[in-house]
Amino acid sequence: MPESYVKRILDARIYDLAIETPLDFVPLISGRMGNNVLLKREDLQPVFSFKVRGAYNRLRLLSDEAKAKGVIAASAGNHAQGLALAAMHLKVKATIVMPRTTPAIKVDAVRRRGAKVVLIGDAYDDAAKHAQKLLEEQGLTYIHPFDDVDTIAGQGTVGMEILRQHTGHIDAVFVPVGGGGLCAGVAAYIKYVRPETKVIAVEAEDSACLALAMEKQRRAILPSVGIFAEGVAVAQIGKETFRVIKDSIDEVITVNTDEMCAAIKDIFEDTRSIAEPAGALSLAGLKKYVEKNQCKDQTLIAIDSGANTNFDRLRYISERTEYGEKREAVFAITLPEKAGAYKAFCKHLGKRNITEFNYRYACHEQAHIFVGLQTSPDKNDRLGVVEQLTEKGYVVEDMTDNEVAKLHIRHMVGGHAPLDDEVIYRFEFPERPGALMDFLSKVAGKWNISMFHYRNHGAAFGRVLVGMQVPKAERKNLKALFNELAYPYWDETNNKACQFFLTKKS
């Protein structure tokens, strides 16, 4: 299987546009991990992503007739920029269909490289459908971002370079996975040339389409896809990529948002560069692999696949980094509502650093406080805090893994509403003009909105927490309306964070 791709990869003449990126030893990460860790710096490509390799290889192999008619693609980011640059280099007309939610920095980058941009819909699927329509109407050639043999071969040059640049033994190479083009190409080449080297796929846990396919032994579609690592936010692994990957990789690792944020910080501290979430994905997987297997003195390579992130997102990434490093934990603490209670609580904490402290009066008997504490990466330290405070008579709820607490509650601790019929939902809205008004216009006049919290994270989607007064008899109608809106949502009415700090006290 892999051998069929080796010749294609060796024949991929991409270096009049793409560059051979360095393979950098990262001393700080290596020292902390106790292993020899190297980063393949695909963030240094002309479009700050590996995607230019596959796009250019596919484009250059088109017939003269196809080039004359022009090409089209649907993309929300890196593939769009890679294809636009490749088309400009080869003087081919390119049309890129992008969701209206695509950040302006990416839209502008595509236009600067001469491609025509069509903005439509809120998500990639909307853009892909419109691209298919234009494809049929105008006789264009579709350049797929990952599920194409020439695209895969172009991406596979990353694996070829790694083995050329590091001639010694390599224990494992960690590859980020979205649709699977990079992983298929890299795995095919490495497993043919050095079968003893492990190739480990890394996915975001909320878009783990490869892990799902490996589990079912067939391609399947995820019911929903997370948006933080937008570069790998794919609901179904590619057909051709899965055919190659399933027999070429050794393992699939999934990581969460906090672990990606911690890896972004790691890369910054060693290289002074800022990876996008998908770019840091493989390093996050490498760290998890080392922790799980307790390996030492191995040579491990992670592919830093891109650096196309919005500056606005850095605030959110910074917030979540300490969670990813397991250096901060957040708790809901119940203590008596009386003079001196806070002083006594702080005394019981000893010299441990308090990173956050939120409180609002709720009732005469008890106080609920939202507390952030500095902890060590050892999980036992966090558990020790709970045990220590419980022994002192406090009721402690660990909120460190509670998304509502970290995304919303910490910014809005403000008191309990005396409402019997309140329900609380969390939404992800597309960041475009009119999205919020669309929601409010459909809900207004039916049920009273009792609470609202929104934060912009610089991504294509914003997170919203909404409280509404809805009688029990009408809640089926509410869910039917939410389903019509087609925005991802979660019922958080019984979330412990909401019960501690927002909802009516029983």
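Each reported figure results from applying straightforward, stated rules to the coordinates on display, with no laboratory input. Computed from a predicted structure; not experimentally measured. Because the Cβ atoms are built from the backbone with ideal geometry, glycine has one as well, and the counts that use them run over all protein chains shown.
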Assuming 0.36 nm per residue, please report the length gained on full extension of the stretch His364 to His348 beyond their Cα-Cα distance. 3.5 nm
Plugging the Cβ-Cβ distance of Lys446 and Phe357 into 1/(1 + (r/R0)^6) at R0 = 41 Å yields, to the nearest 0.05, a FRET efficiency of 0.60
From the convex hull of the Cα coordinates of the stretch 1-51, what is the mean projected area in square nanometres? 5.2 nm²
Could you compute the net charge surrounding Asp297? Neighbours are other residues with a C-beta less than 15 Å from the C-beta of Asp297; K and R count +1, D and E count -1. +1
Report, largest value first, the span of the C-alpha coordinates of the stretch 155-310 along each principal axis, in whole Å. 42, 35, 29
Give Lys93/Lys239; Lys392/Lys504; Lys133/Lys479; Lys292/Lys392; Lys7/Lys246; Lys265/Lys326 a once-over and call out the pairs whose C-alpha atoms are over 22 Å from each other. Lys93/Lys239; Lys392/Lys504; Lys133/Lys479; Lys292/Lys392
Rg/Rh of the chain (Cα atoms, Kirkwood Rh), to two decimals, equals 1.01
I want the antiparallel fraction of DSSP beta bridges within the chain, as a percent rounded to 5. 60 percent
Alpha-carbon Rg with Dmax, taken over the stretch 1-94, Å: 16.6, 55
Residue-wise, which Karplus ³J(HN,Hα) couplings in Hz belong to the stretch 479-490, taking 6.51 cos²θ - 1.76 cosθ + 1.60, θ = phi - 60°, and x for glycine or proline? 5, 4, 5, 4, 5, 5, 5, 6, 9, x, 8, 9
Provide the FRET efficiency to the nearest 0.05 for the Cys295-Gln217 pair, computing r from the beta carbons and using R0 = 35 Å. 0.80
If each K or R counts +1 and each D or E counts -1, the residues other than Ala480 whose Cβ falls under 12 Å of its Cβ total +3
Sticking with the crude label model, points 7 Å out along Cα→Cβ, report the distance from Leu119 to Leu485 in nm, one decimal please. 2.3 nm
I need the P(r) histogram for the stretch 275-411: all alpha carbon pairs, bin width 10 Å from 0 out to the longest distance, whole percents. 10, 34, 29, 17, 9, 1
Given points 7 Å out from each Cα along the Cα-Cβ axis, report the Lys91 to Arg475 separation in nanometres with one decimal. 6.7 nm
Can you tell me the length gained on complete extension of the stretch Ala341 to Arg32, counting 0.36 nm per residue apart and subtracting the Cα distance? 107.3 nm
Across all directions of projection, what mean area in square nanometres is found for the Cα convex hull of the stretch 213-296? 6.7 nm²
Tyr142 to Asn494: FRET efficiency via 1/(1 + (r/R0)^6), r the Cβ-Cβ distance, R0 56 Å, to the nearest 0.05? 0.75
Please work out the C-alpha center-to-center distance from the stretch 224-293 to the stretch 148-179 and express it in whole Å. 15 Å
So what's the stretch 51-142 giving for Rg/Rh, alpha carbon basis, Kirkwood Rh from the mean inverse pair distance? 0.94
Extent of the stretch 326-401 along each principal axis, from alpha carbon coordinates, in Å, largest to smallest? 37, 21, 17
I'd like to compare 47-59, 146-158: which one has the highest average count of other Cβ atoms within 10 Å, and what's the full order after that? 47-59, 146-158
Counting pairwise Cα distances across the stretch 83-238, what percent come out greater than 27 angstrom? 33 percent
